[in-house]
Every structure is written in C-alpha cells, then in structure tokens.
1. From the list 211, 155, 186, exactly one residue is under 22 Å from residue 296 (Cα atoms) and either over 20 Å from the mean Cα position of the chain (by Cα) or more than 16 Å from ligand 3 (Cβ to nearest atom) (or both). Which is it?
2. When the residues of segment 418-428 are filtered to those that are crowded, with 16+ Cβ neighbours inside 10 Å and in a loop (DSSP other than H, G, I, E, B), which remaining residue is nearest to ligand 1 (Cβ to nearest atom)?
3. Identify all residues within segment 215-245 that are more than 22 Å from the chain's Cα centre (by Cα) and closer than 22 Å to residue 181 by Cα; write none if there are none.
4. How many residues are buried (at least 20 other Cβ atoms within 10 Å of the Cβ) and at pLDDT 90 or above if we restrict to segment 9-24?
5. Looking at (1) away from ligand 1 (no atom under 16 Å from the Cβ); (2) at pLDDT below 75; (3) touching a strand residue (DSSP E or B) at 6+ places or on another chain (Cβ under 7 Å), find the lone condition where residue 507 falls short.
6. Could you tell me which of the residues 375, 358, 415 is surrounded by fewer than 19 Cβ atoms within 10 Å (Cβ to Cβ), within 27 Å of the chain's Cα centre (by Cα) and modelled with pLDDT under 95?
7. Checking residue 685 against (1) under 31 Å from the mean Cα position of the chain (by Cα); (2) part of a loop (DSSP other than H, G, I, E, B), which test does it fail?
8. Looking at (1) more than 22 Å from residue 262 (Cα to Cα); (2) buried (at least 17 other Cβ atoms within 10 Å of the Cβ); (3) touching a strand residue (DSSP E or B) at 6+ places or on another chain (Cβ under 7 Å); (4) at pLDDT 95 or above, which is the one condition that is false for residue 160?
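The values are calculated or read from the model by the stated rules, or taken from the named source; none is laboratory data. What you are looking at is a predicted structure, and each value in this text was computed from that prediction instead of being measured. Heads up, the Cβs are rebuilt from the backbone with ideal geometry, glycines too, and the neighbour counts pull from every protein chain shown.
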Ligand code: ADP
Ligand code: ZN
Ligand code: ZN
C-alpha cells in the first residue's frame with residue numbers, strides 16, 4: 001500500500017511555495033511525526049501534516065519523492081501544537097513551514113534516527129539516575145490573604161486570568177502555587193504527565209525565577225523536572241530541554257517568548273509574567289506576540305481536553321470521556337489549560353479585555369508585609385540650576401541614604417540620551433556612514449559605535465570636518481552619569497567609613513557572559529551603593545536595600561510620536577519604583593524621584609497616586625477616540641530597499657494593487673513613510689500602516705494581499721527592493 005503524506009518543510013517565508021509538499025511512503029505516518037525528506041539536493045526535517053492513502057489530484061508516483069526516514073523513538077507532535085503553529089502562520093502572515101520549523105530546536109534538523117536514539121537513551125538514563133526524593137510537602141510561604149483569594153479565584157476561573165498585582169505583592173508565589181496545583185493533579189492513565197509553561201520577558205530574568213522553581217519543585221519532582229528554553233542557550237542545551245518537554249520528563253518549562261512553541265503534551269497552565277513587556281513580541285521572522293499566542297494556546301488545549309483528548313492524540317482516535325468526568329462537584333473543574341497573565345501595569349490590551357469581561361481580573365494591591373509603595377517626588381527641572389543633569393536636592397537625598405547604609409538606583413531612559421560626539425565649532429556630529437543615525441561615544445574603549453549596524457571606529461583625534469581638537473559628547477549616557485555621580489558623591493561616606501561606590505549596569509557592561517550575575521551579586525552584597533542603568537535594572541530584580549529610585553530623563557517619552565510611549569513609560573517607572581522599599585522595614589521611607597520639566601503632566605499625576613486603573617482608563621479613552629488598538633486593528637507593511645524611492649514604490653504599488661481585494665473598503669491604507677531610523681547598514685526602510693476596526697477584515701484582507709505582494713516584488717519601479725514583511729499587531733508604528 002502507498003501513502004501520500006503531506007509534509008511541512010522549512011520553505012522560505014515568501015517563496016510562495018504551498019504550505020505542504022506531498023511525498024510517498026510505504027508506511028502510514030502519524031500526523032505530527034517528524035521525518036526526513038528530500039528537498040532539492042538536500043535532505044531536510046519535516047513534520048507530517050496529513051497522511052491520506054490516495055494521491056492528491058494530478059499527482060503520480062513518478063512525480064513524487066519518497067520519505068527518507070522517520071525520526072524513531074520520538075512521539076509525534078500533538079494536534080494542539082500543530083493547531084498553534086497553523087494559527088500562528090495564518091495570523092502573522094507567514095508560511096506554515098517557516099513557523100513550524102522555527103518552532104523546533106535547530107539541532108533537531110541535523111539529527112538522524114541513530115543520533116536521536118542515542119540522545120533519547122542518554123536522557124532516559126539521566127532521568128532515571130535522579131529519582132525524586134519522597135513526595136514530601138512542598139515548602140513555601142504562608143499565603144497572604146490576597147494570594148489565597150487570588151489562587152481560589154484562579155482555581156475556579158474558566159477565562160484567561162489577568163493577575164493585576166502591585167510590585168512586591170507576591171505574584172511569584174501565586175505562580176508557584178498554581179504550578180504546584182497542576183503538578184499534583186495526576187494525569188489520567190495513558191496521558192502525558194501534567195506540565196506548566198512559565199514565560200518571562202527576558203533571559204536576564206530566568207536565572208532568578210529558575211532558582212525559585214528548582215528549589216520548590218525539584219525535591220519532590222526530581223532533578224530535570226524544571227527546564228529552560230531561551231535564546232541564550234547553546235543548540236545542544238535547547239535540544240535537551242525541548243526533548244525533556246516533548247517526552248514529558250520535564251514538568252515545568254521556563255522560558256522567553258520562544259517557549260510558547262515548546263511541545264508540551266501535558267500542558268495545563270501557562271503563566272506569562274510581566275505580560276505587558278514588549279519583548280513578548282518578536283521583531284523578526286513571524287512577528288508573533290507570545291502573550292497573545294499563550295492565550296490562544298490555552299484555549300486550544302482546553303478545547304482538546306474538553307473534547308476528551310481528541311486533538312491531543314497524535315492519531316485520529318478520540319478518547320471517550322470516562323464516567324463522571326466533567327462533573328464540577330467539590331471545586332473540581334473540567335480538565336483544562338489555564339492561562340495566567342501577571343503584571344503590575346498590564347498591557348492596555350489585556351486591561352481592556354478584563355474591562356469587557358473576556359478576561360478575569362484578579363487584584364493584589366498590597367505589598368507582602370504591608371509595606372507601602374514608595375512615595376513619588378517630582379523634581380521640577382524648571383527650578384534647578386541651569387545645565388544641571390542631576391538636581392541638587394536629589395543628590396543630597398542620595399547622600400543621606402548612602403550614609404545610612406541604604407542603596408539607590410538611577411534609571412536612564414536610553415532613548416533620546418545617546419552620547420553623541422560633536423564639534424561645537426562646525427557642528428559636526430558622529431554620524432554613522434551607513435545609517436541615518438548617530439554613533440554613540442563609548443568612553444571605555446574610546447570608540448564610536450553604531451547601535452543599529454554595529455559599525456565601530458576609534459574616536460578621531462580631531463573633528464574630521466574642521467580639525468578642531470575640542471570635540472565633546474552631547475547628551476549623557478550611563479557612563480557619564482556614573483562618572484558625574486561619583487564626583488557629586490565624592491564626600492559621602494558609607495556607615496563603614498568607606499567612600500560611596502557607584503556602578504553602572506547596561507547592555508554594554510553586561511555584554512560579557514556572567515558579568516550581569518557578578519554585578520547583581522555586588523549589589524545584593526551591599527558592595528555597591530548606587531547603581532546607574534537603563535531599563536534592564538528596573539526589571540524583576542529583588543533588591544532588598546534600595547530605598548531610593550530616581551528616573552532622570554523620563555520626559556522624552558511624554559511627547560514621543562509612538563502612541564504607546566506613555567504606556568511604556570508608566571510601566572517602566574512603576575516597575576522601577578517597585579525596586580524600592582521591598583524590605584517592609586524600610587519601605588515607609590522609600591522614595592521614587594523623577595526629574596521632569598512637566599510636573600503637571602497627567603501621567604505623573606496618576607503615577608503619583610500609583611493609580612494604574614486611572615491611567616489605563618485615560619489612555620483607553622484616548623485610544624478609543626483615535627481608533628487605536630485595542631479598539632482598532634493594525635498591521636504594517638514594511639519594505640527595505642537600496643533606495644528610499646524603491647522601498648516606497650513597492651509599498652505604493654502594493655496599495656494600488658489591493659484595489660478590489662476582499663474587505664478593501666473596510667481597510668485604511670496610509671501613505672508610505674520612511675522609518676524613524678530611515679537607513680540601517682545602507683538599506684533604506686519604509687513602511688505603510690494598515691488600519692481597520694475589524695480584526696476579521698484585517699485577517700482576510702492580509703491573506704488575500706499576500707500573493708499580490710509576492711507579485712509586486714518584480715515591479716520595475718521596485719527594483720532594488722531587498723525584502724518586505726508584514727507585521728500584524730505591531731508594537732510601534
Ligand atoms: P512580585 O512578583 O509581585 O513583585 P514577589 O513575588 O517577588 O513579588 O514577592 C515579593 C517578596 O515577597 C519576595 O521576596 C517573596 O519571597 C516574598 N513573599 C511572597 N509571598 C510571600 C508570603 N506569602 N509570605 C512572606 N513572603 C512572601
Ligand atoms: Zn568641526
Ligand atoms: Zn550604522
């Protein structure tokens with residue numbers, strides 16, 4: 001007998017090749033099975049999508065190739081995973097093959113069956129070598145009343161849950177307990193053990209959370225029950241984690257946005273920590289939102305569980321519901337997969353969904369131990385000495401703290417603060433020859449570095465245009481603030497009589513592997529008194545002795561063209577404020593200082609009251625009036641080309657050719673515009689905003705537009721086009 005499996009292979013996103021290719025096989029292959037198939041002159045990894053025993057019309061044996069082999073010993077990817085991949089490809093306008101293969105660990109592509117068998121054997125042996133210690137009671141905090149209430153509500157919830165909890169309210173403990181509840185639920189016989197996916201926005205945050213999850217769960221569930229998945233891992237590590245998740249030996253997967261695609265046959269809970277964080281949105285390839293996909297995935301998994309596992313199984317054999325299952329007695333709800341989104345400053349999308357009742361909002365307004373949130377102090381820069389970067393009262397307040405043995409955090413918004421080198425005689429600035437951006441002055445190694453294309457040169461001795469020797473930085477970066485602060489605090493002594501110590505933490509100072517950990521340790525141990533840094537210092541870290549946080553250049557975001565800038569600023573400042581006074585004993589005196597030229601700005605007024613709901617309501621009203629997300633729906637058509645003209649020509653032709661496409665009358669196509677950073681690495685960039693008030697219309701229009709876009713590539717006016725891409729639900733426009 002001959003089968004005609006349709007198989008998904010990695011086809012380039014815009015090749016226009018169909019979603020699946022048809023092969024031949026003597027064996028019936030399960031949907032989701034991983035196979036190796038010939039493609040052109042190579043042999044590549046593929047995922048079986050379907051396996052009919054009749055050929056598609058028009059195909060003959062002579063015209064199809066034979067499946068080269070099946071990756072044996074590896075269970076098939078289940079229906080929920082395939083549905084997630086299919087949905088992502090459709091929604092984000094990419095090819096099925098691109099999304100499916102990108103969702104698998106890269107090393108899987110290189111393994112043959114023998115190598116894989118060896119890996120699996122080694123895995124099994126390792127797993128068997130470390131049996132879980134007795135299933136003793138798990139350690140944990142006694143829950144606060146708010147935590148207990150939240151967990152109770154979560155247990156009964158049937159909609160996605162938005163956990164709106166102040167910084168320091170103990171959200172992590174809620175994640176841990178919710179995870180525990182899932183892991184302690186025995187999966188029905190013949191089903192994969194229950195699993196939990198926990199997502200964090202950045203790799204930097206995984207070590208801390210990882211430590212807490214390991215500490216909590218490994219004693220009971222065994223070493224290897226917690227694995228990580230993020231881009232900082234080696235391909236070999238990623239494969240190991242992926243296999244552990246796929247085969248069910250890992251019960252908890254902790255990861256960044258890529259982890260949303262992990263194969264988790266027993267998935268019952270997805271936690272998305274700091275759900276508002278922009279890093280959940282991918283900025284390349286399929287530009288997916290891992291948060292949105294998490295919500296979708298939980299729904300698909302729940303439907304599958306409710307249907308008795310039909311979708312969960314590799315084959316088409318639905319499992320009948322056992323007697324009595326599905327009853328809701330005793331607080332037991334149908335088996336389902338929940339999604340828990342946590343944040344102190346939820347995204348306006350999620351907040352709006354909760355307003356509408358699509359999500360269940362749970363609140364934890366209090367901090368653990370009853371500590372108060374830091375008091376907000378606005379420093380009116382209009383009343384400070386001319387040219388002061390740091391207001392004298394702020395410096396004085398920091399000095400007092402340090403003298404008391406407390407720590408301070410100084411937060412810089414890097415945007416608008418790049419230290420560019422300039423000549424004050426002729427006006428020369430350190431532009432990048434390949435980009436429409438300035439290169440940043442790095443004092444440490446005396447280089448000028450482009451943060452867009454990476455082009456680096458040593459600092460010139462004199463102005464390249466006029467020969468002036470006196471070239472100096474404009475704008476202040478973290479390095480300079482660090483230096484200035486050290487000077488301003490030179491007379492301040494710590495309680496031990498030592499001079500105050502200032503350190504800096506940003507993308508540069510933490511580039512070396514492990515250096516972030518070293519710097520964090522220095523802060524924790526009290527070696528450092530003042531830490532200066534960019535957004536990365538505001539996130540998640542649990543610093544005990546920080547009692548003062550200062551935001552010194554917040555204003556740039558108040559008037560940014562990006563309509564999401566205020567939302568981001570509010571989140572950043574709230575999060576930064578949350579770093580202060582985490583020790584309840586000191587929290588009474590903890591303060592957040594903000595230097596601003598606009599102390600009356602409504603954003604600061606709501607921030608002062610820690611009133612996120614008021615801020616959100618205000619922003620949502622503005623968004624509704626302007627038809628912006630979450631009320632409107634957007635996509636960007638982006639084009640990169642050798643010339644700006646070609647990039648825009650492609651967009652304009654694409655818009656013309658859209659005439660007559662389905663739902664065109666519901667869609668607004670805006671004029672093509674250059675990106676803010678118009679040129680990067682000698683490539684000109686342009687974009688066109690696509691807007692509508694119907695998500696369905698947007699989806700159907702974009703699908704119909706795809707083939708048109710492929711065709712527009714070869715328009716003579718667009719000669720020099722390098723690439724194009726569609727970004728659905730873009731984060732910044
Ligand atoms: P969030 O993530 O909401 O900002 P965390 O989860 O980091 O807050 O919790 C803040 C601190 O409170 C942590 O040090 C945590 O260990 C501690 N904590 C959490 N829950 C409790 C509890 N029920 N009792 C005592 N301490 C707790
Ligand atoms: Zn000059
Ligand atoms: Zn450059």
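1. Numbers: 211 fails: under 22 Å from residue 296 (Cα atoms); 186 fails: under 22 Å from residue 296 (Cα atoms).
The conditions single out 155.
2. Just the residues of segment 418-428 that are crowded, with 16+ Cβ neighbours inside 10 Å, to begin with: 418-423, 428.
Checking which are in a loop (DSSP other than H, G, I, E, B) leaves us with 418-419, 428.
Working: 418: 31, 419: 32, 428: 47 Å.
Residue satisfying both the conditions and the ranking: 418.
3. Once the filter is applied, which keeps residues that are more than 22 Å from the chain's Cα centre (by Cα) and closer than 22 Å to residue 181 by Cα, segment 215-245 yields 215, 216, 217, 218, 219, 220, 221, 222, 223, 224, 225, 244.
4. Number satisfying all stated conditions: 1.
5. It fails just one condition, (3).
6. On the way: 375 fails: within 27 Å of the chain's Cα centre (by Cα); 358 fails: modelled with pLDDT under 95.
Going through 375, 358, 415 in turn, the sole match is 415.
7. The number of the failed condition is (2).
8. Among (1) more than 22 Å from residue 262 (Cα to Cα); (2) buried (at least 17 other Cβ atoms within 10 Å of the Cβ); (3) touching a strand residue (DSSP E or B) at 6+ places or on another chain (Cβ under 7 Å); (4) at pLDDT 95 or above, the lone unmet condition for residue 160 is (1).
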